[in-house]
């Protein structure tokens with residue numbers, strides 16, 4: 001019973017599926033900055049995680065009446081399922097809101113603006129009177145391109161010694177394109193009859209390739225061994241997945257994007273750990 005309750009609370013917060021999303025955006029933002037202090041990395045990550053949890057809880061609260069009659073297989077709602085009470089969800093909502101604001105106040109004024117923007121975005125997406133998330137490209141399960149930009153910039157501005165605009169712009173465009181492509185694949189998985197999906201898939205995939213090459217091979221926020229490690233981890237995950245499931249999955253592109261994201265998170269963490277030991 002306790003295990004089911006903990007699982008329900010994790011679903012309410014959007015974990016564990018949403019954790020790689022927050023880490024990928026936050027760590028990439030920290031890596032493009034010039035040697036940010038580890039305290040700043042920790043605070044920006046705490047603020048981003050709190051904002052993500054705020055968005056997830058608010059989404060589940062607003063969607064609970066509809067999810068009671070038409071539950072989503074991809075995004076289960078523990079409130080409509082009855083495993084988490086509405087009262088508990090509201091308490092959690094206020095707690096993560098306070099945590100996000102405290103973390104932002106400890107960083108910079110720009111971080112306060114970004115956290116406030118994320119709160120306004122959440123209200124615009126899910127408030128019953130506005131409901132922008134009903135539009136296909138603005139839908140939000142565990143990943144959203146606008147939140148990815150906020151998390152990325154939050155980690156960039158957490159560093160007192162910031163980089164110039166070009167060094168921030170191309171990684172930002174790479175990441176936004178990546179999560180736009182992710183959203184297109186989610187739409188395609190839900191409705192394969194969409195006629196314009198192929199065009200957007202090609203456009204966003206091309207943008208990822210171009211901005212990724214500029215980011216990682218011209219601007220070089222990471223050494224080449226780190227990029228090699230990223231590719232190596234992707235290959236390992238694909239090999240393991242193929243050995244257990246030789247037939248292609250119906251949502252294979254989504255699985256590939258998740259593998260790419262998780263491998264990036266692991267390689268970023270390894271690089272930060274190596275920097276930490278070299279520093280101290």
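Computed from the coordinates I sent, Rg and Dmax of the Cα atoms in Å equals one of (i) 21.0, 66; (ii) 18.9, 56; (iii) 21.3, 74. Tell me the label.
(ii)
Residue 68 label point, 7 Å along Cα→Cβ, cut-off 12 Å on backbone N: hits in segment 120-147?
Inside the label zone: nothing.
List residues of segment 208-237, by number, whose backbone nitrogen lies under 16 Å from a label position 7 Å along Cα→C-beta of residue 166.
Residues passing the 16 Å test: 211-221.
Taking N as the number of residues in segment 11-164, what is its Cα Rg relative to 2.2 N^0.38 Å?
Details: Rg = 15.6 Å, N = 154, 2.2 N^0.38 = 14.9 Å.
In units of the globular-protein estimate, segment 11-164 measures up at 1.05.
I need the calculated FRET efficiency for the pair residue 116 and residue 220, taking r as the beta carbon distance and R₀ as 41 Å, to the nearest 0.05. The partial results should precede the final answer.
On the way: r = 33 Å, r/R0 = 0.80.
E between residue 116 and residue 220, to the nearest 0.05, is 0.80.
222 nm [θ] for the chain, helices only, -39500 (n - 2.57) per DSSP H run of 4+, per residue, to 500? Please list the in-between numbers first.
Numbers: 11 runs with 204 residues, N = 280.
Helix-only estimate at 222 nm: -25000 deg cm²/dmol.
Sticking with the crude label model, points 7 Å out along Cα→Cβ, report the distance from residue 276 to residue 4 in nm, one decimal please.
Output for this residue pair reads 3.8 nm.
Given points 7 Å out from each Cα along the Cα-Cβ axis, report the residue 189 to residue 138 separation in nanometres with one decimal.
The two pseudo-label positions are separated by 2.3 nm.
Test of understanding: in a Gaussian network model of the chain with alpha carbons linked when under 10 Å, which of 142, 237, 56 would top the mean-square fluctuation ranking?
237
When the chain is treated as a GNM, springs tying every alpha-carbon pair under 10 Å, which of 244, 199, 224 comes out with the largest mean-square fluctuation?
244
Could you calculate the FRET efficiency of residue 95 with residue 34 from 1/(1 + (r/R0)^6), where r is the beta carbon distance between them and R0 is 35 Å, rounded to 0.05?
On the way: r = 34 Å, r/R0 = 0.96.
Approximately 0.55, to the nearest 0.05.
Each label point is 7 Å from the Cα along the Cα-to-Cβ direction; what then is the distance between the points at residue 254 and residue 123, in nm?
Spacing of the two 7 Å Cα→Cβ label points: 3.1 nm.
Once you treat every alpha carbon in segment 100-199 as an equal point and sum by Debye, what is log10 I(q)/I(0) at q = 0.12 Å⁻¹?
-0.49
Kindly rank 169-178, 45-54 from highest to lowest mean number of other beta carbons found within 10 Å of each residue. The partial results should precede the final answer.
Values: 169-178: 20.7, 45-54: 25.5.
Final packing ranking: 45-54, 169-178.
Anyone know which of 143, 109, 183 comes out most mobile in the 10 Å Cα GNM of the chain?
Per the Cα network of the chain with a 10 Å cutoff, 109 tops the list.
Taking the Cα centroid of segment 1-23 and of segment 132-177, what is the distance between the two, rounded to the nearest whole Å?
23 Å
Calculate the length of the line joining the C-alpha centroid of segment 207-280 to that of segment 34-62, in whole Å.
Result: 22 Å between the Cα centres.
Values in this text are rule-based calculations from the coordinates and carry no lab data. Keep in mind that what you see is a predicted model, and the values were worked out from it rather than measured. As a convention, Cβ positions derive from the backbone with ideal geometry for all residues, glycine included, and neighbour counts pool all protein chains shown.
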